[in-house]
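None of the figures in this text is laboratory data; all of them are computed from the coordinates on show. From a predicted model like this one, the values you see are computed outputs, not experimental measurements. Glycine gets a Cβ as well: all are built from the backbone with ideal geometry, and neighbour counts include every protein chain shown.
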Amino acid sequence: MTITRILTGTALVAVSAITLAACAPAGDTPAGDVDATSATSVADFGTFADLEAAAKAEGALNVIALPRDWANYGEILDLFAERYPEITITEASPDASSAEEIQAADNLAGQDTAPDVFDVGLAVALSSTDYFAPYKVQTWDDIPDALKESTGLFVGDYGGYMSVGYDPDAVPAPESLQDLLGADYLGKVAINGDPTQAGAAFAAVGMATVQNDGTLDDFTAGIDFFSELNKAGNFLKIDPTDATIASGETPVVFDWDYLNTGYAASLEGQRNWEVVVFPGTAYAGYYNQAINKDAPHPAAARLWQEFLYSDEVQNLWLKGGARPVRADAMAEAGTIDEELFAALPVVEGETVVPTAEQSEAAGTLLGEKWAAAVQ
């Protein structure tokens with residue numbers, strides 16, 4: 001069984017079944033003869049060529065929190081720039097968290113520098129729907145219902161499994177989560193961000209929860225694990241990057257498998273880096289795309305969404321080691337990169353993905369207990 005089929009075949013609560021009121025787009029700035037702020041599909045522009053023309057007329061696209069080494073975003077951004085040279089891309093705060101994306105939308109509201117689009121974890125997506133404009137891309141029907149909000153306020157795009165990356169020259173290979181509590185890992189274990197703000201860190205606590213016989217209904221077991229890791233002196237409060245891994249500063253990192261695999265590739269020849277998804281229950285998740293309802297460039301924002309969900313870019317996620325949300329439909333249609341698809345590692349055992357309700361409850365719990373647990 002392929003990983004993509006494990007993910008999309010897992011019993012998920014359909015986000016589309018959750019009633020989330022679509023936000024009425026604010027603003028009334030026309031793009032050509034179309035009010036792009038209210039467009040919910042290509043049909044509202046007329047044709048895809050009309051959408052392209054409207055976006056080119058705006059001439060700009062503001063993205064935020066897109067590290068170039070994250071799931072192949074660098075190649076994706078460069079391809080968009082090459083295809084649409086009339087549209088200048090501004091890449092703001094590439095290392096910002098999902099929560100900081102929403103803060104930027106607040107702080108820059110009404111300005112030309114506000115983000116046009118967001119890329120956020122599910123917990124932040126669920127708590128931020130008032131910021132989003134509904135939009136359904138042309139490939140909407142290929143996206144599993146469980147991975148999209150029913151009106152298109154936010155839509156899953158690429159995903160993976162929470163993993164542990166480690167330097168085999170600095171620490172012994174961990175075979176279980178409990179190994180990380182040992183003396184060999186003193187001051188050496190980091191997570192990617194703050195779990196109250198960043199999707200990857202949130203998932204690290206989720207993975208620790210299910211690996212410690214907890215359930216996604218209650219993240220207490222995961223919080224307790226990191227509290228224990230902190231008390232042992234093993235928890236390293238540094239956000240990992242290529243640079244911290246290359247320098248040996250963060251020799252063990254909880255992160256998505258595609259990011260840990262990316263570290264291994266980018267640091268080849270500088271630093272050995274191995275990746276493990278622990279046996280037992282595996283934790284999977286997707287990041288979501290959304291359009292700022294107050295986007296200063298609303299047509300370009302919608303063109304960007306169409307671009308991300310195209311066959312070409314879905315295969316670029318795959319090239320980055322992530323699981324594209326349209327993978328199953330593309331495999332059936334024969335449009336997926338079969339070599340890359342077949343190269344995805346198979347994860348044995350049960351896979352879990354938090355539902356919308358579980359993510360909301362976990363976010364609340366983390367807000368109440370995380371800081372005290374790791375202080």
### Task
Enter the angle in degrees (range 0 to 90, nearest 10) between the Cα long axis of helix 48-58 and the first principal axis of the Cα atoms of the chain, meaning the one along which they spread out most.
90 degrees
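Test of understanding: express the Cα radius of gyration of the chain as a ratio to 2.2 N^0.38 Å, with N the residue count.
Numbers: Rg = 20.2 Å, N = 375, 2.2 N^0.38 = 20.9 Å.
It is 0.97.
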### Message
Suppose each label sits 7 Å from its Cα in the direction of the beta carbon; what would the residue 247-residue 49 distance come out to in nanometres?
### Response
5.3 nm
### Summary
A correct fewest-to-most ranking of 202, 219, 226, 254 by other Cβ atoms within 10 Å would be 226, 254, 219, 202
### Query
Within a Cβ distance under 13 Å of residue 283, other residues only, what is the Lys/Arg minus Asp/Glu net charge?
-3
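How high is the FRET efficiency between residue 170 and residue 95 when r is their beta carbon distance and R₀ equals 35 Å, given to the nearest 0.05?
Details: r = 24 Å, r/R0 = 0.68.
Calculated value: 0.90.
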### Query
Once the convex hull of the C-alpha atoms of segment 141-187 is built, how many Å³ does it hold per residue, rounded to a whole number?
140 Å³
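Can you check what the net charge comes to around residue 93, using other residues whose Cβ is under 9 Å from the Cβ of residue 93 (Lys, Arg +1; Asp, Glu -1)? Intermediate results must be reported in sequence, preceding the final value.
On the way: positive: none; negative: 91, 95, 100, 101.
Around residue 93, the charge tally is -4.
Treating only the Cβ atoms of Lys and Arg (+1) and Asp and Glu (-1) as charged, compute the dipole magnitude of the chain about its Cα centre; round to the nearest 20 debye. Can you show the working numbers first?
Values: 16 positive and 58 negative charges, 86 e Å.
Charge dipole, the chain, about its Cα centre: 420 debye, nearest 20.
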### Query
Anyone know which of 329, 114, 183 comes out most mobile in the 10 Å Cα GNM of the chain?
183
### Query
What angle do you read, to the nearest 10 degrees and between 0 and 90, between the alpha-carbon axis of helix 220-231 and the longest principal axis of the chain?
60 degrees
## Note on the structure
Which residues qualify? For residue 136, with a placed amide H closer than 5 Å and at least 5 residues away or on another chain, they are 41
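Based on other C-beta atoms within 10 Å, arrange 249, 100 from fewest to most.
On the way: 249 15, 100 18.
By the 10 Å Cβ count, ascending: 249, 100.
Can you give the charge dipole size of segment 205-358 about its Cα centre, rounded to the nearest 20 debye, using +1 on the beta carbon of Lys and Arg and -1 on the beta carbon of Asp and Glu? Present the calculation step by step, with values, prior to reporting the outcome.
Working: 8 positive and 24 negative charges, 94 e Å.
With only Lys, Arg, Asp and Glu charged at Cβ, the dipole is about 460 debye.
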#### Entry: When segment 99-221 is reduced to its Cα atoms, the Kirkwood hydrodynamic radius in Å
17.3 Å
### Summary
Restricted to pairs 8 or more residues apart or on different chains, the lysines in the chain with C-alpha atoms under 22 Å apart form a number of pairs equal to 9
### Karplus 3J(HN,Hα) series, Hz, for segment 81-95 with 6.51 cos²θ - 1.76 cosθ + 1.60 (x for Gly, Pro)
5, 5, 6, 10, x, 6, 10, 7, 8, 9, 9, 8, 6, x, 9
### Summary
Among 252, 107, 334, the residue whose Cα sits farthest towards the positive end of the charge dipole of the chain (+1 at Cβ of Lys and Arg, -1 at Cβ of Asp and Glu, taken about the Cα centre) is 252
### Task
Choose one of 316, 344, 358: the residue whose Cα lies farthest towards the positive end of the charge dipole of segment 305-375 (beta-carbon charges +1 Lys, Arg; -1 Asp, Glu; about the Cα centre).
358
### Query
Tell me, what HN-Hα J-couplings in whole Hz come from the Karplus equation 6.51 cos²θ - 1.76 cosθ + 1.60 at θ = phi - 60° for each residue of segment 253-270, using x for Gly and Pro?
9, 7, 6, 4, 4, 5, 6, 5, 5, x, 4, 4, 6, 6, 9, 4, x, 9
### Query
Say the dipole of segment 83-164 comes from +1 at the beta carbon of Lys and Arg and -1 at that of Asp and Glu; which of 151, 134, 164 then lies farthest toward its positive end?
151
### Query
What value does segment 194-282 have for Rg/Rh, both radii from Cα atoms and Rh as Kirkwood defines it?
0.98
### Summary
If one compares the long axis through the Cα atoms of helix 98-107 with the longest principal axis of the Cα atoms of the chain, the angle in degrees, nearest 10, works out at 40 degrees
#### Entry: Of all DSSP beta bridges in the chain, antiparallel share, percent nearest 5
70 percent
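I need 89, 336 ordered by Cβ neighbour count within 10 Å, fewest first.
Numbers: 89 17, 336 22.
With the sparsest Cβ surroundings first, the list reads 89, 336.
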#### Entry: Cα-based equivalent ellipsoid, segment 21-147: semi-axes from gyration tensor eigenvalues, Å
22, 19, 17
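Based on Cβ point charges of +1 for Lys and Arg and -1 for Asp and Glu, what charge dipole magnitude is obtained for segment 33-111 about its Cα centre, in debye rounded to the nearest 20? Numbers along the way, then the final one.
Numbers: 3 positive and 16 negative charges, 10 e Å.
In total the dipole reaches around 40 debye.
Give me the one-decimal Kirkwood hydrodynamic radius in Å for segment 249-312, with the sum taken over alpha-carbon pairs.
Result for segment 249-312, one decimal place: 15.3 Å.
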### Query
From the phi of every residue in segment 287-298, what ³J(HN,Hα) in whole Hz does the Karplus formula 6.51 cos²θ - 1.76 cosθ + 1.60 yield, where θ is phi - 60° and glycine or proline is x?
8, 10, 9, 8, 9, 5, 5, 9, 4, x, 10, x
